[in-house]
Each structure stands twice: as structure tokens, then as C-alpha cells.
Number of protein chains: 2
Amino acid sequence: MGTVTGSVDRAGAEWLQYAYGPALFPPEATGSATLWRYRDLLPVPDGPVRYPVPVGGTPLLAVPALRSALAAPRLWVKDETRNPTASNKDRATAVVIEDGLRRGIGTITTASTGNAAVATAFGAAAAGLRAVIFVSTGCRPGKTALMTQAGAWVFQVHAGYAAAVELSRAAAREFGWLDRNTGANPLTVEAKKTVAFEVWEQLGRRLPDLLVVPVGDGPTLVALDKGFAELEHCGLTERRPRLIGVQSAHCQPLVREWAGQPATPDQLDPSGTAADGIAVLRPATGPAVLEAVRRGGGGMVAVSEDGLRHAALALARRAGVSAEPAGAATLAGWQAAVDQGLADRSECAVLLVTGREKAAGTPVDPSRVAVVETLDQVARALGAGELAAPAVGR
Amino acid sequence: MGTVTGSVDRAGAEWLQYAYGPALFPPEATGSATLWRYRDLLPVPDGPVRYPVPVGGTPLLAVPALRSALAAPRLWVKDETRNPTASNKDRATAVVIEDGLRRGIGTITTASTGNAAVATAFGAAAAGLRAVIFVSTGCRPGKTALMTQAGAWVFQVHAGYAAAVELSRAAAREFGWLDRNTGANPLTVEAKKTVAFEVWEQLGRRLPDLLVVPVGDGPTLVALDKGFAELEHCGLTERRPRLIGVQSAHCQPLVREWAGQPATPDQLDPSGTAADGIAVLRPATGPAVLEAVRRGGGGMVAVSEDGLRHAALALARRAGVSAEPAGAATLAGWQAAVDQGLADRSECAVLLVTGREKAAGTPVDPSRVAVVETLDQVARALGAGELAAPAVGR
């Protein structure tokens, strides 16, 4: 039933705990093909799932042509672009909204570089919630247009992504909204860990040797660490795969920290990379990422813009997968890891393609967008009488 | 085993036939969640499926907020944007390529308004085939860029879509390539009919009252007709849902024909609608569409650009589904059908959202694009020695 027994702090990240045992994991060949398959390891009470859109259960592709081209016969691609809004952010969105639906909360908020915002906007729309998104003024117009198409309110913050997160969290506290911000809401890690479970099942209940994971704020990697740990706690496995985190050479705070070297300004320049999804200066779960990588014998690698472009092309032309730059980082990171001796091309490696390039057919809807600095401005934009959680279904 | 027993001509469309009976349909709660679930009703020989990307098994959404907004308590959305390249065209691509892989053919060709080309480019890339696509010079740059990103050759034809189809078919005949053109290859109808099977199973092995289907060339609607006919032939059902086909008011050859009225020039203007996916002047399976609609008591409706925009917004804001204009046509068409008395809002209706807006992060790759008129130009662009089907895996 997914009853949480407590929580522990793991390098600054809150890890929910369960009464671990093999009975918590679904038997083979049963149940749904969505992340709700693992509900006994999710903090979801009994009763039918209310979230109306199927999420997770994404393909693990054997990528024959890519394996051939790279002489990597045991390379796999976990294709998260097959989620509802074509990114892995749909998972956390589903679990947070499911919780909100159970508790009767009518508004969800998050700050985001883009994919989480799009996922939140569309997920909220499907579930009948209001979405209030905070972005930096640098957010890609295509992603902003998608948010407004889905009916979300979009508040742009000049001071950047970190300030957007602060404002979103403050609004959640002040107005009683669902807080979907990663690093803040442990439900997001719970949702993301299901990728580990799926990979294990899709490999025939076998572990890969390593996973290569794009790292922005870091919760995806942290959640994979938790997922593989839980398989062990449940008595189902006896080791854990290595985790290799990937950042852009232009925004690589965690790579530098792992290497024990100070970062230069050009290595802390989010605007310098096309991989906007992982261009985060102060990763929310940074310490937990480094702890997971170090403990498990993994590593952190940085990739160039050229590397990202080549990887995106290779994924398209050899695997039939359309990845945005942050998503293609997984393949570029694998190449870097092999070059640096952090991985061998003969190993069983899973590349996590986290998202696809997005477009909105419609332009940004200006009636849903405002530049803000304070909660007062947010409140005024939304209309004073509308702040309290409206009834679900509004 | 999916053994085809023969074929019949149905109003110009070739319908493959099987030894129909209940045993051809998979038992409940077994098998894969892809279209291969129905392989006993697909022309696929025994042996493991070789196509390396899962296709089909897309969600049938209960859309609670949209039902509420439309006072349509039994409205469903079949979300084909959840396929690999976010459109229903992935189905036909999979079945045609599976056939090609079995027969050792190394190149696939098609002409397309966009989605089929993108599906073909990415599907071929995944399967290790070469893709040679013919488009009109009016094809949207975003879709062309996706094709080249996936490594396809793109030949642009000034004389328009019909000429592109002719050239593609001629090339297939001349060079021994897989011909994926709808209306030409009966395998495409076989693939598309699986939507009918899925809808029936997803409704708990119950039939809807009607389906609303965007109509360009028409094979999607024709295939649904075949699928529901086959459920009857297998002894599993005793009636068939009504089929309502939707076209743009700016390009509505079949709506006019169904209404028995001549079309005016502004009603035959493909460039006049944002719904490029259904902007086809001379639908390849037109007679079969009209025959299916008439026989079943359905109808054809035309929708305005405003109607498309409102429908796309409603799908985004009330269902969390991001549909391109041609895909949103299904909801606009349902509205029109209700307004015209062709449907009642209390009926169990399935809206087929055929595709999502697409973007390529990369610009068009000019080395893969050429304007052509003749096969000679095609051959020269590809290089004379490369025309014969290269070995699979190239």
C-alpha cells in the first residue's frame, strides 16, 4: 500500500522509507505498464489512482544500429521522451498531482528550466488543477508557449532560476499550493526512482553495470540511487549499478566539485549551452548527487556543445530517438566516460534520454504571462480572491 | 500467425483477408501492450518481431475535465501522440518496416505531408534502413528538419504532394524500395486498423457509438472501418460504430462529395489551413472513405481555422493533450457533428488525436535535401551505386 514508515536525510535530500521486503515489489508479468505498478513503494494511499493520464513504463530500447556504430553491444536507451509531455518530468508531476487530488488541493506550482513546467502545465490541465509556473526570463519561448497553451500561469523572474524557485516555494507556503519543486518535495524523488525499477525489470530482472544520467538540479540521479538501493533493501538484488552524471562543459558545478577543482566563470555559464534542461548553477540536490556517485564508484563528466550535437544526431540517426540537447547529454556523457576510463564500451550501460525537443504550434499567450519579483505581484496577477485552493475540477 | 488468405477490393482500397474467427484475437489481459498484440490479424510471419521500437498501445483517456466542460460524459480521447514520433503514422511505419526487415530490403520511401515522413525517417533510423522521403516544397520546415536530423534523404517536388507521391512510387518500383505510400501499400491499412482493436479492448471489450477521425488521404478512417468489420467477422461484436470524418473547411473534397455539392476553389486550398496533416486535394482512398461513412451511418464534417484553434486549446487545457491542428480536428469535428445533429453529446464517442506539434532543435541539414522532378535526379543525388537495396544494418 506504499505506506511510508519514516524518512532520513541523505546528504541534504529527504529519503522516504518503507517496510522493505520482496512483497513490496510486483510479481513478474502482472499489473500495469505505468509507474503505478510500483505503488507499494510509492507514498500513495489505497484506492484507485485518480491521475487521468498514464505515465512511465517507457521503452528500454536495444538500439541495434547504435550499438553497431559504437561497438557497444550491451548499450541500451531508456527513452523517457515516450512520456505524456515527452520528458521524464511527467513522473514526478503525476505523483505530486495524485497526492494533491487526494488532499483536495487545487493549485500546483513549480519553478523550472522548462520540461518540468511543461509537464506540470499539461498534467494539471488533465487533472483539473490550476498550474502556476515560475521561470527565469531566459526560458525558451517554445516551452513558455506550451505552458500557456495548457492554461498555466507563467511568472518570469529576472533574477534567474534560483530566484524563481524561491518565489515558487514561498507561494506554495503562503497560498497552500502543491509544491512540485524538486529538492523540496520528496514525492518527486519517489516518482523518479521508478525508472530504476523499470530498467531492472526490462533487463529481465538484471542490473546494468552503469547508468548515464544528465544532471541539472540532480534529483533524477539521486532518485536512481534510491531506487537501486531499495531493490537491495527488498532483497531482490545484491549490488548497485555505477551512476555517471553528465553536465555541460559550460555549466558544470558538480563535475568540478567531483574533480576537486574550482570552476572558472565559463564553466558556470548556463546561457553558454543549448542544454537548457541541465543548465543549473546551484543544483538543489548537489551534495546528494556527489555522495551517490562517490559511494557507488561512478563519476561526473562534462560534455561540449559539439559533443551534444553529435550525440543528438547519433540518437536520431542510429536509434530513431529525437532528443533535446539535455537529453542527448546521456550519450555524449557515455562517450566521455569511455574516453576517460570511467566506463568500458563492453559494459551493460543504460543511457537515460530525459527529454525531446518541444514546440508549440501556438505563440505564447500574453494574457497568462507576467514578469514578477514579489508574492504581491503574483497575487495581484491572479486576482486576490483566487489564491485559496479552488475546488478540484475548476 | 497472421496468414493472409487473400484480398478484396473495397472501393479502390485493397483489403487483405484472414481466416476470421475468435481465436485470431488475443485473450484478455495477455500479451504485449503494442500493436504486435494483434499479430494474428497482421500480415507478419512467425518469429520474433524485429522492429526495435515499441509502437501502439496508446492511451484511451477518460478526460474528466473536458467531459465536464462539454457536458459529454462519455467522451474519450485516443491519444496517438504517445507513439514514438508523436503521431499515428508510427503504426504503418512499423508494419511496413517489419516486412522490409523480413525481406532484406534496405530502403523505404514515402511521400508525405509531414508526419508520415517523420515517422518513416525515425523508424528507418531505428531499424537500420535508409529513408528516402518525397515532399511538396510547401512542407513545414520543422518537419523537414526532423527528417534530416534522422538521416533521411528529402526530395522536394514543386508540382505538389500528388506529384511527390507519384515520384516516390515510381522510385519504389524502379529501385526495389519498400513503398510506404498509403493507398498503395495495404500493409498501412493493416497497421492502422489496430486502433479499432485497442479502442474496443480499452473500453472493456465494448464498442463506442462513434469515432471522429481527421481525414487527409483517408486510410486511417478506412482502416478503422476494416478493424471494426474484422471484430464482427471474428464473432466478437455484433455491430459497428459510426465513423465521422473531419476535414478543414479550406480543403474539404470529401465533405463536399458526401454532401453532394461541388467544391468552390476556397474549399480546395491546402495552403489555407494550418491543418497541414489533412490538407490533401486528391485523397488516395477517397472512395473508400465515403463508402465506409455512408454504409455505417456516419458523416463528413468540415471545420474552420477558429474551430481548430479552439479545439487545440481545449485539448491542451482540459485534457492535457498537445495536438497539432490536424490532430485537434477530431474535437472540432465532434463539435460540428453535434451542432449538425450527426452526433449527440451523450453518446460514447472516441476522438482520435492523430498527432502533436513537432519541432526540431536543429535546422534543416541542407546536404540531405534537394528539389527534384525526375527519377534521374533522385538517382544522381543518391549516387548511382547506391540505389540497389543496401544490406540491412547499413
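The values are calculated or read from the model by the stated rules, or taken from the named source; none is laboratory data. Since the model is a prediction, treat every value here as computed from it, not as a measurement. Neighbour counts are summed over all protein chains in view; Cβ atoms, including those assigned to glycine, are modelled from backbone coordinates with ideal geometry. Ligands, DNA and RNA are excluded from the accessible area calculation, which covers all protein heavy atoms including side chains. Shrake-Rupley method; radii C 1.70, N 1.55, O 1.52, S 1.80 Å.
Couple of notes before you dig in:
- P(r), alpha carbons of chain B - 20 Å bins starting at zero, rounded %: 30, 60, 10, 0
- Counting only other chain Cβ atoms within 10 Å of each residue's Cβ, the peptide B:55-66 averages 4.
- Over the C-alpha atoms of the protein assembly as shown, the Rg to Rh ratio, Rh being the Kirkwood estimate, stands at 0.95.
- Only helices enter this figure: runs of n ≥ 4 DSSP H residues, each worth -39500 (n - 2.57), summed and divided by the residues of chain A, yield -11000 deg cm²/dmol at 222 nm to the nearest 500.
- Charged side chains reduced to their Cβ positions (Lys and Arg at +1, Asp and Glu at -1) give the protein assembly as shown a dipole of some 480 debye around its Cα centre.
- Carbon plus sulfur fraction of accessible area for segment B:257-387, probe 1.4 Å, in percent: 52 percent
- The simple spin-label model puts a point 7 Å past each Cα toward its Cβ; for B:LEU281 and A:SER32 those points are separated by 4.8 nm.
- Counting, for every residue in A:315-327, the Cβ atoms of other protein chains within 10 Å of its Cβ and taking the mean gives 6.
- Using a Gaussian network model of chain B in which every pair of alpha carbons under 10 angstrom is joined by a spring, one finds that among B:PRO186, B:PRO45, B:PRO265 the greatest mean-square fluctuation is at B:PRO265.
- In order along segment B:88-104, phi translates into HN-Hα couplings of 5, 5, 5, 5, 4, 4, 5, 6, 5, 5, 4, 4, x, 5, 5, 9, x Hz, rounded to whole numbers, per the Karplus curve 6.51 cos²θ - 1.76 cosθ + 1.60 with θ = phi - 60° and x for Gly and Pro.
- In a simple Cβ point-charge model (Lys, Arg +1; Asp, Glu -1; nothing else charged), chain A has a dipole of about 600 debye relative to its Cα centre.
- Taking the label point 7 Å along Cα→Cβ, B:THR264 and its counterparts in the other copies are spaced 6.8 nm apart, in ascending order.
- Radius 14 Å from Cβ of A:GLN247, net charge of other residues (Lys, Arg +1; Asp, Glu -1): -4
- Converting phi to 3J(HN,Hα) with the Karplus coefficients 6.51, -1.76 and 1.60 and the offset θ = phi - 60°, segment B:219-224 yields x, 5, 5, 4, 5, 4 Hz in sequence order, with x at every glycine or proline.
- Our note on the geometry: Cα centres of segment B:62-93 and segment A:154-225, 27 Å apart.
- Nitroxide proxy distance, nm - points 7 Å out along Cα→Cβ at A:ALA259 and A:ASP376: 4.6 nm
- Pairwise label distance in nanometres, B:GLU166 with B:ARG239, each label 7 Å out on the Cα-Cβ vector: 4.5 nm
- Taking 0.36 nm per residue of separation and subtracting the Cα-Cα distance, full extension of the segment from A:ALA159 to A:ALA69 would add 28.0 nm.
- Cross-link reach list, lysines versus A:LYS78, counting only Cα pairs under 30 Å and skipping chain neighbours closer than eight places: A:LYS89, A:LYS143, A:LYS192, A:LYS193, A:LYS226, A:LYS358, B:LYS78, B:LYS89, B:LYS143, B:LYS192, B:LYS193, B:LYS358
- Residues whose placed amide H lies under 5 Å from that of A:LEU75, excluding near-sequence neighbours: A:ALA349
- Here is the size of segment A:1-120 from its Cα atoms: Rg then Dmax, 17.0, 52 Å.
- With every protein chain in place and a 1.4 angstrom probe, the accessible-area ranking of A:SER112, B:SER367, largest first, reads B:SER367, A:SER112.
- Förster-model FRET efficiency, 45 Å R0, B:ARG205 and A:THR3, C-beta, rounded to 0.05: 0.85
- Just checking the listed ones, A:ALA19, A:ALA312, A:ALA292: in the Gaussian network model of chain A with Cα springs under 10 Å, the one fluctuating most is A:ALA19.
- Under 13 Å, Cβ to Cβ, from B:GLY204 - net charge with Lys/Arg +1 and Asp/Glu -1: 0
- Furthest towards positive pole of dipole, A:ALA94, B:PRO48, B:PRO253, structure part the protein assembly as shown, Cβ charges: B:PRO48
- For the set B:ARG318, A:ARG140, B:ARG380, solvent exposure ranked by accessible area (probe 1.4 Å, protein chains only) runs largest to smallest as B:ARG380, B:ARG318, A:ARG140.
- Counting only protein chain heavy atoms and rolling a 1.4 Å probe, the accessible areas of B:HIS250, B:HIS158, B:HIS233 rank, largest first, as B:HIS158, B:HIS233, B:HIS250.
- Inter-copy label distances at A:ARG239 (7 Å, Cα→Cβ; nm, one decimal): 6.1
- For segment B:1-132, the dipole from Cβ point charges (+1 on Lys and Arg, -1 on Asp and Glu) about the Cα centre works out to 240 debye, to the nearest 20.
- Across chain B, Cα pairs under 8 Å and at least six residues apart give a relative contact order of 21 percent.
- Segment B:117-125 - phi-based ³J(HN,Hα) in whole Hz, Karplus 6.51/-1.76/1.60, Gly and Pro as x: 5, 5, 4, 5, 4, 6, x, 4, 4
- For B:VAL371, the point set 7 Å out from Cα toward Cβ sits 4.2 nm from its twins in the other copies, listed from shortest up.
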